[in-house]
Each structure stands twice: as C-alpha cells, then as structure tokens.
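S.K.: The following block contains the structure, expressed as structure tokens.
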Amino acid sequence: MTNQSKRRILVTSALPYANGPIHLGHLMEYIQTDIWVRFQKSQDHECYYVCADDAHGTAIMIRAEREGITPEALIQKVQASHEQDFADFLIKFDHYHSTHSEENKRWAEKIFLSNQQQGFMFSESVSRLYDPSAKMFLADRYVTGSCPSCKAPNQYGDNCEVCGSTYSAERLIEPKSTLSGATPELRNSEQLFFDLPKAETFLKKWLDSGSLQPEVANKLREWFESGLKPWDISREAPYFGFTIPGYLDKYFYVWLDAPIGYIASFEALTKKNPTLKIEDFWQLTDDAASNNTELFHFIGKDIVSFHGLFWPALLQGAGLRLPTALCVHGFVTVNGEKMSKSRGTFIEARSYLNHLKNPEYLRYYFATKLSSRVEDLDLQFDDFVNRINSDLVGKYVNIASRCAKFIETYFDNTLANTLIHADIYQDCIDRGNSIQEAYNQREFGRAMREIMAIADITNRLIDDAKPWAEIKTGDKKAVHSICSLGIQLFRLLSIYLAPVLPATTQQVSTWLNCDLNWHNTKPLLNHKIQNFSPLMQRIDPEKIKAMTEQSTIKEIPAEKNKVKDSKVNNASKAHNEISTTNEITIEDLQKIDIRLGKIISAERVEGADKLLKLSVDIGDSHKQVFAGIAEAYSPEQLVGRMVPIVVNLKPRKMRFGTSEAMILAAGPGGDQLWLLHPDLESLHIPKAGMAVK
C-alpha cells in the first residue's frame, strides 16, 4: 500500500455545550472525527485530537441556579458525563479540556487585545432589551414575540422560524422575557463589537482558498450580498464567563471564547507532552506552512458562520494561523425525520448503550453513510439492523468464525506454511490503496463498500472450497489451505476496519498474535494463533424497539383509583416530592387540597430546559405553575388538558416568576414522566375546580 510522507496534524471537533447530555445527533460528528484521526495515526502520521466542553453563557448560569449549585459544579458534572459517553463510544481524544480554564482565559484576552490593537474592536452605545424583573439584559434567545415581518407568534429574538426573516430582538412585536414573562424595556448599554466589515477583503480571499467545501463557501458568500455587519462580542453581567480586559462589567460572548478552546486544549496537551510546542500549530500565518503542520476543524453545518467568518477573522487579526480546512457535515435524521422525543428517535448516548451495548454498531453504520459532502445522515433503524447483521456479522465476523473452528480442531491453531490464491490476496492488498484514499478524503461510505467487497470475495472462496465437506473426505490439506487463506484475508479486513471498529480489531489482534499494521500485510505463514472467541452478536430488533419505546413521550392512561408509580412528582422541582416510601398519616393527607385544573396556556422557559410555564384554571382562579416536564411534553400537548393540582402549596419565588401550585405526575423523571389525569370514561364529567378524593 502507498506510503505517504509524514504529516503533522491537529484535529478538533465542535465543543459540546455543558448544559445537557450527549445524544446520537452529537455522536455522529465525534465518531466521524475519531475515525479520521485513527486512520491518520495508522498511517504513522503525527496526529493529535483535542476537544473541550463549551462551558460559558447565560443558560449554564440559570441552570446552575435552578439546581442550587455553582456554575463551576454544574460544568464539572456535565463534563464528567460527556467524557464518559465519549469514552464508551471509543472516541479517543489526546486531550479533553474546558473553556472555563486558565489557558482559555489567557488566550481569549490575548486574542481580544491583539485585535483591539489592530483596530478591529470598537465600543458603541446601543439600545438593548432589559428584563426589569430578572434585572438583566436579555440575549436574543431569551426574548419571544411576534415576527416583525410575517407576524408569526412565539418567535425568538433573532430570526423567524416561519418566514426565515432575521432581525434584532428590539423589532419583535409584543416581546416577552422568557426568563420572567415580563415585558422587557429598552435601555442603553455600551457594547463591544468586532469590526467584521473591516475584514471583508481578507474573508473573500479566505473563502476562495480551497479550505472550505464549495457548497459551504458559496453559502458564506451570501453574507456579503447584504453587507457584513459588526459582531457583538460582549455581554452584560450577570453572566458566567470571562470579563473583558478593561471592562469590569462586560463579559466575552460565549461564541468568542468557545473556538479559542481549541487553542487552550492543545496548550493543555503540551503540558502533558513536553515534546509539543504551542507555536507548532498556532504560529503566525506567514510561517505556518514552513513547519508542515495542518489544522482541521470538524463541525456541523449549523455553526458554519462562526467558523467560516468570525473565527478566521479573529485569528487573522491576532496574527495566528488559519485552519487548513473546515470539514462540515449535515445533521442526523432518524427514519427520515428530525430527531423527536415524541417518536422515540431523540436517543441519548447512554440510552443506546444501555440497550444495544456495542458502540461499534453505530460507528460502522455512520461510517457507511458518511462522505465529504454536507449531507444529512439518515439513521433508519430497519436498515441499521440489517446492515450490521449482514455486513459485520454475516460477512466480516462470519469469515473468522467459520475458518477458526477448522484451524483449532484439526491443525493445532497453526496457519498453513504456504498461501493459495496468492494473486487474489495481492489484489486485496492493492485495493487497500483506494481504501486509504477514501479514508483520507473522508469518503467513509466508499471505504466501507470497498472493504465489504473484499469480504464478499473471501466468503465466495470459502463457499466454493466447501471445507465442511472436504474435511469429511479426508483432504485436510485443502481445508488447511482455504481456512488459512480465509484468516489471512480476515486479517486484511481487520486492518482496513480498525479505524471504525477499534475494540473488535484489538480482539482480532490478540487472537491472531500479531499487530494489525497497514504497512505489514505479508501473510502469516506457519503462524500460531489463539483459540477463537465470538467477536460480535447480531442485533435483536426487539432491543431497538425497547430503546425507542423508552425514549418515546407517550401518555399512559390512569387507572381509576390507582397510581402505579411509587412517587408523585412535583415535576418543576420547585417543591418537595411526596413519596409513598415515607409513611404519612391520614391527617397529613387531609391537609393537601388537590383539585382538577384545566391547563389554559403553556410555554417553554428559555434558559431552563426542563421547565414549562403553565397557567391552570382551577375554577375560581388561575394558578401559575412552573413544571419540570419539558422533556416529556411539548406546550402544544398540554393546552386543554385536565390535571390534578395541589392548590394549597406555599408559593415559591423563582428567577422566572412565582410557582403558585403543583401539578401531579408520575414516573422516574426526565422524559419518563407522565401527568396524572381523570378517568375520561367516567360518566361523571370532570370540571375545573372539582376536589379530588
């Protein structure tokens, strides 16, 4: 196979936000990156893969306050879960960091000051929306109202999801703060801006450099049609992040310091590996090519503008090298649609592992679908099961299992000392050149097809030789020859599949008593191997069904006079749980005033991803309730529903407003939470305000 000159490569993936778990949509990018990095390392290139948690912003601050912990404690907890999920999906970083680090703070300040000295930073007094109840200026995503263009209601403060218009939050019709529900006020505030129009000539040259996929470059060129606008890079206190040098009450906007996390994570790696120097990969633009280093960012198409315009402009203004390439991918859809909790297709990494166990199923399936183009990847569960069972189990692993039993039983686990069909073996080695090229170009789907073509060739050779029949006639030499060839070709397949199936191919390496090396493909003649152990099991479709059912939001009809769950949840977490495991007296129970209420409005609480704000009619009045059921129900599912509600609970003030009551739900929590509701088949028609006995 072709040997390339040694390369020095630094690779990053987009930083996951430290505000929630990793799901299958996230995993595609990290699996894609990990496969590419493992391939580069298998070619003996010097390749490093770094990443970090994106740990700043208002959303993290608000969630931490809601959970009663510090933002620092929250991001540490979330990062630990992220790193565990990545490790369990065999994603191997050389270093994983956090943007809330000393390295990131120092680099953010350095890049800001360098751009300031180059005249790219300026301040300007602007009118911004202020929440008088929450006592803070509002980011665009914390304001909703009607679109100023098409008048569609419930749109965020930056763009309309109905007509696609972009606008400033100040132009919204009847804006409301999603934090408190208050009507925001316009107040003047001095903000800092990056002068993006000043970088226009540089950016046009950058878009023509070949560092971006053609479709990405064309999309970014649309920004120039309406004229580049200055980029607001500051946020007001309170904010969780880094203060801007010279401005005690101003913080770096999260999208300024997030990509700087790539530099910070690599610097942290240099502290673990003293042979590395930060300037090797982040030195001045004019000198970057001289030391033969390369920098690749793997990102999704939703954050192209930040990486394709703002990030290179910041780097150029600070005198730092530019990325060699942006490797942009599309989204993950499931069964042809967006990931959806209501359909059971919004699946977290941990849920997948709990049901299917083997992360390599998903790694291989994604690989079969991935290319270098910006295309959405559709995870079709029927196709997923068939592809794994057919390709990995029926073709690849089947070669080893059908040959190993003969080598172990009749030939003392020793391969033949000669190789039959040497021409076919050499042809399969030669095919490795095309597979190498496909991996390097991120055409993983093509690589998998070419690999499975070799598996088909191998299985046909075994089928034609019929070792199970030959062994009965006593022609052991023929059996030894064909089964040894099968294992030799299986070893080649394992070399080619190692970037995708690192755990399985490590087992193969142990079984065969040899390294799986792209540059050593000579046959193992007269070679002793170990006893064979099964490498992979077929996927049981019932496990897919169980996984999707567990991930599906669905109503469970309440049985009359019976609650099946052991705990009655206050879903908003604002009040204490009442648990049947802690005994109470009948007198305690009689203190609780539970009535039927009708939900007359429901809306999401921005910055509180588990909360919904409800208005509930209890007959003689309305109660405002903040309920933590946003993972299980959408607002549209709730309006008009009858629910039991505790009306005499002491109100609790929250950042978002006051929760005046508690609705009743049962379940373990998260998206496995179900509102209790009256028996609608009863002849007695329930009405709002009726007492629940």
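The values are calculated or read from the model by the stated rules, or taken from the named source; none is laboratory data. It should be emphasised that the depicted structure is a prediction, and the values quoted were computed from it without experimental measurement. Note that we place each Cβ from the backbone using ideal geometry, even for glycine, and neighbour counts take in every protein chain shown. Areas reflect the complete protein model, heavy atoms only, side chains present, ligands, DNA and RNA absent. Shrake-Rupley method; radii C 1.70, N 1.55, O 1.52, S 1.80 Å.
S.K.: Hey, which of the helices (runs of 4 or more DSSP H) in the stretch 40-133, taking only ones fully inside, have at least 3 residues that are farther than 23 Å from GLY319 by Cα?
M.R.: Numbers: elements: 58-67, 71-88, 102-117.
Passing ranges, in order: 58-67, 71-88.
S.K.: Against the definition (in a helix (DSSP H, G or I), in contact with a Pro (Cβ under 6 Å, 6 or more places away or on another chain) and aliphatic (A, V, I, L, M)), how does VAL393 come out, yes or no?
M.R.: Numbers: in a helix (DSSP H, G or I): yes; in contact with a Pro (Cβ under 6 Å, 6 or more places away or on another chain): no; aliphatic (A, V, I, L, M): yes.
When the stated conditions are applied, VAL393 does not pass them.
S.K.: So the check is Cβ under 7 Å with 6+ separation or different chains; which pairs have a first residue in the stretch 78-90 that's among the charged types (D, E, K, R) and a second one that's open to solvent by less than 50 Å² (accessible area, probe 1.4 Å)?
M.R.: Note: pairs meeting the criteria are GLU83/TYR96; ASP85/ILE22; ASP85/ALA349; ASP88/LEU353; ASP88/PRO359.
S.K.: Using the structure shown, decide if GLU603 is within 24 Å of THR144 (Cα to Cα), of a type outside the set (A, V, I, L, M, F, W, C) and either at pLDDT 85 or above or out of contact with any Gly (no Cβ under 6 Å at 6 or more places or on another chain) (or both). If you could, list the steps in order and put the result at the bottom.
M.R.: Values: within 24 Å of THR144 (Cα to Cα): yes; of a type outside the set (A, V, I, L, M, F, W, C): yes; either at pLDDT 85 or above or out of contact with any Gly (no Cβ under 6 Å at 6 or more places or on another chain) (or both): yes.
Criteria met by GLU603.
S.K.: Please count how many residues of the stretch 147-182 are among the hydrophobic types (A, V, I, L, M, F, W, C), at pLDDT 90 or above and either under 27 Å from the mean Cα position of the chain (by Cα) or surrounded by 19 or more Cβ atoms within 10 Å (Cβ to Cβ) (or both).
M.R.: Looking only at that region, the number is 2.
S.K.: Looking at (1) touching a residue at least 60 places away in the same chain (Cβ under 8 Å); (2) over 26 Å from the mean Cα position of the chain (by Cα); (3) surrounded by 20 or more Cβ atoms within 10 Å (Cβ to Cβ), find the lone condition where SER127 falls short.
M.R.: (3)
S.K.: Which of the helices (runs of 4 or more DSSP H) contained wholly in the stretch 249-336 include at least 1 residues that are among the charged types (D, E, K, R)? Don't jump to the end; show me each part of the working.
M.R.: Working: elements: 254-272, 278-282, 311-317.
Counting at least 1 such residues, we get 254-272, 278-282.
S.K.: Hey, any hits in the stretch 112-123 for a residue that's without any contact (Cβ under 8 Å) to a residue 24 or more places away in the chain and open to solvent by 60 Å² or more (accessible area, probe 1.4 Å)? It would help to see each step written out before you state the result.
M.R.: Initially, the stretch 112-123 is screened for residues without any contact (Cβ under 8 Å) to a residue 24 or more places away in the chain, giving 116-117.
When the remaining residues are screened for being open to solvent by 60 Å² or more (accessible area, probe 1.4 Å), the result is 116-117.
Scanning the stretch 112-123, I find at least one residue that is without any contact (Cβ under 8 Å) to a residue 24 or more places away in the chain and open to solvent by 60 Å² or more (accessible area, probe 1.4 Å), so the answer is yes.
S.K.: Let me ask another. Look through the stretch 580-600, keep the residues that are of a type in the set (A, V, I, L, M, F, W, C) and over 16 Å from ALA665 (Cα atoms), and return whichever of them is modelled with the lowest pLDDT.
M.R.: The first filter runs over the stretch 580-600 and keeps only residues of a type in the set (A, V, I, L, M, F, W, C), leaving 584, 586, 589, 592, 594, 596, 599-600.
Next cut, over 16 Å from ALA665 (Cα atoms) only: 584, 586, 589, 600.
On the way: ILE584: 56, ILE586: 59, LEU589: 66, ILE600: 82.
Among them, the one singled out is ILE584.
S.K.: Would you mind stating whether LEU15 is part of a loop (DSSP other than H, G, I, E, B), touching a helix residue (DSSP H, G or I) at 6+ places or on another chain (Cβ under 9 Å) and surrounded by 20 or more Cβ atoms within 10 Å (Cβ to Cβ)?
M.R.: Numbers: part of a loop (DSSP other than H, G, I, E, B): yes; touching a helix residue (DSSP H, G or I) at 6+ places or on another chain (Cβ under 9 Å): yes; surrounded by 20 or more Cβ atoms within 10 Å (Cβ to Cβ): yes.
When the stated conditions are applied, LEU15 passes them.
S.K.: Also: Given the stretch 465-533, what helices (runs of 4 or more DSSP H) lie entirely inside it while holding 1 or more residues that are modelled with pLDDT under 95 and among the β-branched types (Val, Ile, Thr)?
M.R.: Working: elements: 467-473, 476-497, 502-512.
By residue number, 467-473.
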